[in-house]
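The structure appears right after this line, and notes come after that.
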Amino acid sequence: MSLYPTDIRHQEFSGSMFGYSKKEVKNFLEQLANEMEDYQRRQEKEIQRREQLQIEVKQEAIQASTAVEDLKRREELISRTLVFAEKTKADIIANARKEAENILHEAELKAKRAIQEAKQYLSALEQQYIQIKEEKRQFLMQFRSELQTFMDRIGKDPLLTKESEHLLDTDFKQIKEEITPASNPPIQDNRLP
């Protein structure tokens, strides 16, 4: 059975002849009731404090649980992101390799085409070179022949020798005298010997 301070205060004892002093008992009971009230108040405060702590602990537990769930969601999101990043990385690498292979293949084809075109161009240039060389040879032979002919003619030209030149000058004077009338005195050419 629980005792409350009011129970202690209203407790009545039966009287006896040599019993305790009613006043002392009443004072003691009053003091006991006061201490019990203090104790109950402290207990109630402690209970309230504990309840408050429990509420706070529950709130913190809820917050922690929420935080844990949030962290789990984040971890899951990070995990999915990492998996996606790995897949994306693998896809990018695979695409880059394919693109590199395509570029190399295309470059090889272009290089083969360029080499083939260069060979054809070189072959055409060689044909032109042979043709130009032959045309030059023919031109030089013809030019040498014509030059030889001119040299022979120049070598035979009468003006190249003094005797021939003197004979020509004399012939020219005679022709001039025949054409020129007698009334006009002949023009002397001081250049002639």
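Derivation of every value follows stated rules applied to the coordinates shown; laboratory data play no part. This structure is a prediction, so every number in the text was calculated from the model and none was measured. We place every Cβ from the backbone using ideal geometry, glycine too, and count neighbours over all the protein chains shown.
Three principal axis extents, largest first, for the C-alpha atoms of segment 70-120, in Å?
72, 9, 5
May I ask you to evaluate 6.51 cos²θ - 1.76 cosθ + 1.60, the Karplus curve with θ = phi - 60°, for each residue of segment 4-18 and list the ³J(HN,Hα) values in order in whole Hz, giving x for glycine and proline?
Going residue by residue, I get 10, x, 5, 4, 5, 5, 9, 5, 10, 10, 6, x, 9, 5, 9 Hz, with x marking Gly and Pro.
For H10 and T88 in the same chain, what is the full-extension length gain: residue separation times 0.36 nm, less their Cα-Cα distance, in nm?
Difference between extended and current length: 19.6 nm.
Using the crude model of +1 on Lys and Arg Cβ and -1 on Asp and Glu Cβ, and no other charge, please compute the dipole size for the chain relative to its Cα centre, in debye to 20.
So the dipole magnitude of the chain works out to roughly 540 debye.
Give the peptides 26-36, 106-116 in descending order of average Cβ contacts within 10 Å, highest first.
26-36, 106-116
What per residue convex hull volume, in Å³, comes out for segment 1-128 when only alpha-carbon positions are used?
127 Å³
Treat the count of other C-beta atoms within 10 Å as a stand-in for reagent exposure and order H166, H10 from fewest to most.
H10, H166
Report, to the nearest 10°, how far helix 22-156 tilts away from the longest principal axis of the Cα atoms in the chain, using its own Cα long axis and a range of 0 to 90°.
10 degrees
Straight-line reach from K156: which aspartates and glutamates fall under 14 Å, measuring Cα to Cα and dropping same-chain residues less than 8 apart?
Once the sequence-local aspartates and glutamates are set aside, what remains near K156 is E165.
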